[in-house]
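Written out below as structure tokens is the structure these notes cover.
The values are calculated or read from the model by the stated rules, or taken from the named source; none is laboratory data. Everything quoted here is computed from the prediction, not taken from an experiment. Using ideal geometry, Cβ is built from the backbone for each residue, glycine included, and neighbour counts are taken over all protein chains shown. Only protein heavy atoms, including side chains, enter the accessible area calculation; ligands, DNA and RNA are left aside. Shrake-Rupley method; radii C 1.70, N 1.55, O 1.52, S 1.80 Å.
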Amino acid sequence: GARRAAPPLVVHAEVQAAIDAGEPVVALESTIITHGMPYPDNLHTARAVEEAVREAGAVPATVALLDGVCHVGLATEELTRLAQLGRERVAKCSRRDLAAVMARRGHGATTVSATMLLAHLAGVPVFVT
């Protein structure tokens, strides 16, 4: 489950629990998933990166927009959906693109600038690319 932190930002329940407990969380940009490689390689890579974050003792929080809603942390099915949608149906979102993608209820993969903004709004101070 997820909870709304500040509409229209959804923070995955596991991510929010870690933030609340003061445990480490690492935000991950999502452009590499949709624009960096084809499906299913992109999904395998995204899962491997999330697993590497877990092995290092932190909770991964992949950042993306689905149906016009900003997400910090994706459920398994959301990550799979993002990977399957691919570059043809997912916009590459810099900070400046967020409002437009949200307004048209589109899908967006975050670049460094968008990841940094959304992670900050969710209370996640660390991200990797």
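Residues that are in a helix (DSSP H, G or I), closer than 20 Å to T129 by Cα and open to solvent by less than 10 Å² (accessible area, probe 1.4 Å) do occur in region 6-17, at least one of them. When K92 is tested against the conditions (1) closer than 14 Å to P8 by Cβ; (2) open to solvent by 70 Å² or more (accessible area, probe 1.4 Å); (3) not in a helix (DSSP H, G or I), the lone failure is (1).
Given the criteria open to solvent by 10 Å² or more (accessible area, probe 1.4 Å), modelled with pLDDT of 95 or more and within 25 Å of I19 (Cα to Cα), does A114 qualify? Considered against the rule, which asks whether it is open to solvent by 10 Å² or more (accessible area, probe 1.4 Å), modelled with pLDDT of 95 or more and within 25 Å of I19 (Cα to Cα), A114 comes out as no. The set of residues in region 41-80 that are touching a strand residue (DSSP E or B) at 6+ places or on another chain (Cβ under 7 Å) and open to solvent by 60 Å² or more (accessible area, probe 1.4 Å) comprises V49, R54. Screening T76 against (1) at pLDDT below 95; (2) closer than 19 Å to A17 by Cα; (3) polar (S, T, N, Q) leaves a single unmet condition, (1). Evaluating E29 against the criteria (1) acidic (D, E); (2) at positive phi; (3) touching a helix residue (DSSP H, G or I) at 6+ places or on another chain (Cβ under 6 Å) leaves one unmet condition, (2). Per the conditions (1) in a helix (DSSP H, G or I); (2) surrounded by fewer than 19 Cβ atoms within 10 Å (Cβ to Cβ); (3) modelled with pLDDT of 95 or more, the sole criterion not satisfied by V101 is (2).
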